[in-house]
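The values are calculated or read from the model by the stated rules, or taken from the named source; none is laboratory data. On a predicted model such as this, the values are computed, not experimentally measured, just so you know. Here the Cβ positions follow ideal geometry from the backbone for every residue, glycine too, while neighbour counts run over all protein chains shown.
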Amino acid sequence: MLTLDSAAQTSSTGQLNTIMTFYEIVEPPIPSNLSNLPVPLLKKAIAILAKTTRAQIIAVADGEGVRFLPGTSGR
């Protein structure tokens, strides 16, 4: 599931609470399971994470970004 993968990816790389642009997520310097993911699909997954308080969409200078937050395992 994409939403779990994106949260796991940021947690395993130490990027929780770090603001990242969508470009940085889909075009990372080191390939990941989110590399080359279509941005509209990424935005849908992040919207789901935002509804569960595991991500926050943030306006950045060159568009939109996201901050992944530690989630609770209460689901």
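In this structure, is LEU42 surrounded by 15 or more Cβ atoms within 10 Å (Cβ to Cβ) and in a loop (DSSP other than H, G, I, E, B)? Let's see the steps before the verdict.
Values: surrounded by 15 or more Cβ atoms within 10 Å (Cβ to Cβ): yes; in a loop (DSSP other than H, G, I, E, B): no.
Taking the combined requirement at face value, the residue does not satisfy it.
Return yes or no: is THR72 part of a loop (DSSP other than H, G, I, E, B) and at pLDDT 80 or above? Working first, answer last.
Values: part of a loop (DSSP other than H, G, I, E, B): yes; at pLDDT 80 or above: no.
Considered against the rule, which asks whether it is part of a loop (DSSP other than H, G, I, E, B) and at pLDDT 80 or above, THR72 comes out as no.
Could you tell me which residue of the range 45-69 is nearest to GLN15 (Cα to Cα), considering only residues that are in a strand (DSSP E or B) and over 10 Å from the mean Cα position of the chain (by Cα)?
The residue in question is ILE58.
Scan the range 23-41 and give yes if some residue there is touching a Ser or Thr at 6+ places or on another chain (Cβ under 6 Å), in contact (Cβ under 8 Å) with a residue 40 or more places away in the chain and not polar (S, T, N, Q), otherwise no.
no
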